Amino acid sequence: MINTHKSTPMQKLLRFGLYAILIFMAFIYLMPLIVMVMNSLKDVEEIRSGNLLALPQDPSLAAWSKAWSSACTGSTCDGIAPFFLNSFKIVLPAVAISTLLGAMNGYVLAMWRFKGSELFFGLLLFGCFIPFQVVLIPMAMTLGWLGLASSASGLVLVHVIYGMAFTTLFFRNYYVGLPRELISAAKIDGAGFFLIFWRIVLPLSPPIIVVTVIWQFTQIWNDFLFGVVFSGVDNLPVTVALNNLVNTSFGGKEYNVDMAAALLAALPTILVYVFAGKYFVRGLSAGAVKGA
Amino acid sequence: MANKRPFTDMLADSMPKLVLAPSFLIVMVCIYGYILWTAALSFTKSRMLPQWKFVGFDQYTKLMNNDRWAVSTENLIIFGGLFILICLALGIIMAIMLDQKIRQEGFLRTIYLYPMAISFIVTGTAWKWLLNPSLGIQKIVRDWGFTDFTFDWLVNSQMVVFCLVIAAVWQSSGFVMALFLAGLRGVDQEMIKAAQLDGATLPTIYRRIILPSLKPVFFSAFVILSHIAIKSFDLVTALTGGGPGYSSDLPANFMYAHAFTRSQMGLGAASGMVMLGGVLAILIPYLYSELRGKKQ
C-alpha cells in the first residue's frame, strides 16, 4: 500500500525478516492441520510408539473410512456419515432463511425508516450479543410445546431466530452505505417497496450476501451448544457426534479415527474458506466492517 | 378501481412495517420474553422441571457460595482477557505486515484465516492431542533429546486455562487479522499520499493516520472477541471437558451442566442471568456509541 521507491540494503533485510515472520506464522497456523492429516493416515500402534510429527510409514485411509461409516459415536456405530447429513439438513434451510430475513430487515432499517425502526434496530442489535445461556431453558420448553423438541426443524428455527440479529446487522450496515439518491429517485418514479428491492438493491448486494452466507454457514455448521441442547438422538449435528466419538471410551483409544473424524467434520467449512475466503475478506472491506 | 387506490396506498405505506413485524415479534418473545422468563425461573426452586415456588435470591446466594462457579468466573476473566488482548495484538501486527505489498498475500491470508472456519469442537480435539503430555508437544521435544522438557498444562489444574487461550487464539486471531486488513484497505489513500509528499515517515503515517482510522475496527473486533470468549462452551467441552476436576470450567459450562444435566434449573437460570449481567457491562457502552454514531 505504501510506496517505497528506493530500496537500501537495510530495507532489503527488513523485507527478508518480514517474509520470514509471515512464513513462520503460516507454519504455526498450519501445524495442527498437518499433524491431524498425518496421524489420520497412521495406524494406532504407530501413533502410540512414534512421534506426532513423524511422517506415516505406511499411509492408509482405513481410519478415514472407519470414521466415516463405522466408528462408534455414543450409542450407535455407523460412523459420522449420518450426522454429516443431519448437519446439512439443518444448515441449508437455516442459512437460506436467515439470510433472506436479514436482507429484508436490513433493507427496511436502512431505507424505509419509520418511527420506532431505529429503536427496533437497537433492540435487535442487543440480540447479537446476549449469551445464549439466558434463553436456552425457555427455548427448550417452547420447542417442547410446539412439538419440535429433538427435531431438525426445531433446530432450524432456533438458528434462524438467533442468527437473524447478525444477518440483519450485516445487511443494514451495508445498505446504509449505498447512495441514497438511487432509492429516492426510484421512489419519485413511483417504484414500490419490492420493486426497488428487487431491481436496485438486490443487484448491489452480492458482496454482503457472500459475507452473510459464509458467516451463517460456518456459525451454524460449527454450532455445538444448540445442537447438544435441542437435538434428540436422531438429529445430532456432526459437531455433537464428533464430540461423542472422541469421548467414547469403548476399547482402546483410536487416535487416528478421532483425527480423521475431526477432519471430516471440518471439511465443508474449510472448503468454503479456501475457495471463498477472498470474497469474504473483500465483502468485509466492502462495508460489513465499517458500521459493525 | 378508484376506491381501491387508498387501500393499496395504505398497504404500500405500511409495507416496511409489515415486513419487519415477524422479526419484531420474534425479537420481543425469543430474546426479551425469554430473558424475563429465565429471570423468573432464577427466583424459583426449579430443579428438573420448573416449579413456580418463589424463593427470592436463594439461587443467587447459592451461586455466589459455589466454588465451581467462582472457579469458572475467574477462568473467564483470565481466559477472556488474554484471549482478547493477544488476538487484537496479533491481528493488527499481522494485518500491517500483510499490507506491505507481500507476494502471495492471498495464499498467506487463506492460511491465517482457515482456523476461523473450524468449529471449536474440532479445534479442541486437535489441540487436545498437541497439548497431551504423553502424545503431543512435550513428547516431541523430549524425543528431540531435551528429556527434561515439561509442558503439561493440559493436566495441570493451575495452568489448564492457558491451554484454552492457546487454542482459542489459534482459531480466532486470523479472523481479527482479516478484519484489520479490511480496515487498512479502507483507509483513504489520498491522505496517505499527501502525508508522504509532506515527508512523513512510515511509522508516523501508521501512528497518526492509519491506526486512528481503525478505531471502529478495534471496537467491533473487541465486541466480537468478547462474544466468542463468553460463549466458549464448546472449546472447553472438547479440549478439557472442564477438567482436571472442574478447574477449566467457564460459566457457560457451569450453566449447561446445572440446567440440563444436573437438574438444577433454578441455579442454572441464575448463572445465565449473571452471565447476561456481565455481557451488559461490556455491551451498553458499545450500543450507546453505535446508535449515537448512526444518528450523525
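Overview of values
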{"item": "In the stretch A:166-178, the residues that are out of contact with any Pro (no Cβ under 9 Å at 6 or more places or on another chain) and buried (at least 24 other Cβ atoms within 10 Å of the Cβ)", "result": "A:167, A:168, A:169, A:170, A:171, A:172"}
{"item": "From the options B:272, B:245, residue that is crowded, with 22+ Cβ neighbours inside 10 Å, of a type in the set (Gly, Ala, Ser) and out of contact with any Phe, Trp or Tyr (no Cβ under 6 Å at 6 or more places or on another chain)", "result": "B:272"}
{"item": "Residue within the stretch A:143-166 that is in contact with a Leu (Cβ under 9 Å, 6 or more places away or on another chain), under 21 Å from residue A:281 (Cα atoms) and of a type in the set (S, T, N, Q) present", "result": "no"}
{"item": "Cβ pairs under 7 Å, 6+ apart, first in the stretch A:87-110 and away from every other protein chain (no Cβ under 11 Å) and touching a residue at least 12 places away in the same chain (Cβ under 8 Å), second of a type in the set (Gly, Ala, Ser) and part of a helix (DSSP H, G or I)", "result": "A:89/A:152; A:90/A:152; A:94/A:163"}
{"item": "Among (1) in contact with a Lys or Arg (Cβ under 8 Å, 6 or more places away or on another chain); (2) more than 30 Å from residue B:250 (Cα to Cα), the one test that residue A:52 misses", "result": "(2)"}
{"item": "Residues located in the stretch A:112-124, provided they are outside any helix (DSSP H, G or I) and either among the charged types (D, E, K, R) or exposed (fewer than 14 other Cβ atoms within 10 Å of the Cβ) (or both)", "result": "A:113, A:115, A:116"}
{"item": "Residue B:260 vs. criteria in a helix (DSSP H, G or I) and more than 7 Å from every other protein chain (Cβ to nearest Cβ)", "result": "no"}
{"item": "Test result for residue A:126, farther than 16 Å from residue A:219 by Cβ and at pLDDT below 85", "result": "yes"}
{"item": "Condition check for residue A:173: in contact (Cβ under 8 Å) with a residue 40 or more places away in the chain, assigned by TED's automatic domain parsing to the domain that holds residue A:144, closer than 30 Å to residue B:242 by Cα and not β-branched (Val, Ile, Thr)", "result": "no"}
{"item": "The listed residue being β-branched (Val, Ile, Thr), in contact (Cβ under 8 Å) with a residue 60 or more places away in the chain and within 26 Å of residue B:289 (Cα to Cα), out of B:176, B:236, B:187", "result": "B:176"}
{"item": "Complete set of residues in the stretch B:111-147 that are surrounded by 20 or more Cβ atoms within 10 Å (Cβ to Cβ) and hydroxyl-bearing (Ser, Thr, Tyr)", "result": "B:112, B:114, B:119, B:123, B:125"}
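Rundown of residues vs (1) facing chain B (nearest Cβ under 9 Å); (2) under 21 Å from residue B:233 (Cα atoms); (3) free of Cβ contacts under 8 Å to residues at least 40 places away in the same chain, yes/no style:
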position	(1), (2), (3)
A:123	yes, no, yes
A:131	yes, yes, yes
A:134	yes, yes, yes
A:138	yes, yes, yes
A:144	no, no, yes
A:149	no, no, no
A:152	no, no, no
A:165	yes, yes, no
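The values are calculated or read from the model by the stated rules, or taken from the named source; none is laboratory data. All values reported here derive from a predicted model rather than from experimental measurement. Ideal geometry is used to build each Cβ from the backbone, glycine not excepted, and the neighbour counts take in all protein chains shown.
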